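What follows draws every value from the coordinates through simple rules; no lab data is involved. Bear in mind that the values here come from a model prediction, so they are computed numbers and not experimental data. Using ideal geometry, Cβ is built from the backbone for each residue, glycine included, and neighbour counts are taken over all protein chains shown.
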Amino acid sequence: MRIGGFLFCFCAILVFGFSQTDDLLDSGSLDSLFDYPGESENEEGDTAKETGSENTVLEDLLDVKSLTLKGDFTIIGGYSPGWDDSSLSGGSFRGSPILELTSRLILDFNLSRDFRVYQKWTLESPDFILDPTEIFADYHPAENLSFRLGRFSETWGESRNFAFSHLLNRVPDGFSGSTDILAAKVEIPWKTGYMEMIALTREGFWEDGSPSLEDFGWGFRLNPPLEKMDLTLSLFAHPDMHLRSVLSMKTTLFDSLETYGEFLTALDTDNLDVADDTDNPVDFSLNLGIYKDFFKNRLALGAEYFYNGEESEMGLASGSWELYHGHNGAAYARWKGNGWDLTAYGRYNLYEKSGIIGPALNWHFSDEGVIQFGGAWTWGEGAYGQANPDELDRAALVFLRLKVTGSWETTL
């Protein structure tokens, strides 16, 4: 136990002493446009579940040390023509080649059954700078207590489309900093639920040197062990941001209809006595979403309504779009065939009368390769039309690309 504690402290020094590098969102990535959040979102934050090695009974008895190495790569190439005007009747026509290269290396050290060190290094075009996207230590001094310290991914909230309830991803107005976080987390299991406390900051909350205590935000999550429903209460406070709390509920109806709803309260603690026409000291937001599979998972349909009552602090540290005030909607459909699938995804903001639609046809010609043909269409002067994630700012585009992926894993 003493050795484990010493190693944990030693790793903490290494983690917080590591030089920070920016890992800002590549807004021109077509991958972020056409991968439906319901399929790929929440892979961030699942590091512990996906990479955490569950000790077997034999390993527990022998206290075996191990090193697991994992690697993967993604190569994307293609071409994308597009138009500046969403009506296709005006504006100029511009084409853009597509070339994206990404490779990751994961080192998972199990130094004992109580202590683990995890590192994820990413190399991607066009800079090809080796970036430590995750580096943290886990320490389990008891069966019902765990600590995590370092730079790691953590996702809160149930929404498949609008990350308003992901409180750790919210940033103040005018924020310009890294998507990476530095955090310390304590988790206490509670039967099938848990209690969690986290202290978190990111580059941009401090200017030079190392962060001070005032640069950290403090979060708490409570997930009671309920049988019929997954209920979570979340709270996050940061000196530079509004105080926010979220009540999230998720359940499955009729054995196959996934439903979720969330209610957010945002409190501007600096202006409780001030209210004007542009910003209120207390704001409320809510969502309601459904997701269902049909015909033995060949057809999937999803929809979500989101009312955003906040007038400020709409930005997110990571993501293609910020949050937009008022009534929002999103819909998703996917049909799976034999070696192919057809998807369509759309979002709309009623206040700005702006939206985006992105259909795509994917042909999986092998386990490693897929040919994708699709497009995207944005409209409106504000919201999605203004924050177009296409790096050429084209309102309408089509694309044809080849995506090749691969992975390997070994344990020493």
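Rounded if a/c is under 1.5, else prolate if a/b beats b/c, else oblate: with a ≥ b ≥ c from the C-alpha gyration tensor eigenvalues square-rooted, which is the range 132-201? In terms of gyration-tensor shape, oblate.
Percent of alpha carbon pairs in the range 347-406 separated by more than 12 Å? Walk me through the numbers before you get to the answer.
Details: 1206 of 1770 pairs.
Tail of P(r) above 12 Å: 68 percent of Cα pairs.
Overall form of the range 82-197: prolate. Here a/c, set by the Cα gyration tensor axes a ≥ b ≥ c, is 1.5 or more, and a/b is the larger of a/b and b/c.
Qualifying chymotrypsin sites (Phe, Trp or Tyr not before Pro) in the range 197-301, where qualification requires a DSSP coil assignment and no more than 13 other C-beta atoms within 10 Å, comprise Phe254, Phe295.
Taking all pairs of different Cα atoms in the range 280-412, averaging 1/r and flipping that mean, what Kirkwood radius in angstroms comes out? Intermediate results must be reported in sequence, preceding the final value.
On the way: mean 1/r = 0.0582 Å⁻¹.
Answer for the range 280-412: a Kirkwood hydrodynamic radius of 17.2 Å.
The average projected area of the range 284-332, computed from the convex hull of its Cα atoms over all directions, is 4.2 nm².
When the Cα atoms of the range 168-220 are enclosed in a convex hull and the volume is divided per residue, what value in Å³ results?
Numbers: hull volume 4.7 nm³, N = 53.
Convex hull volume per residue, Cα atoms: 88 Å³.
Kirkwood hydrodynamic radius, computed over distinct alpha-carbon pairs, for the range 187-252: how many Å, to one decimal? Don't skip to the end; give the middle numbers.
Values: mean 1/r = 0.0738 Å⁻¹.
The answer is 13.5 Å.
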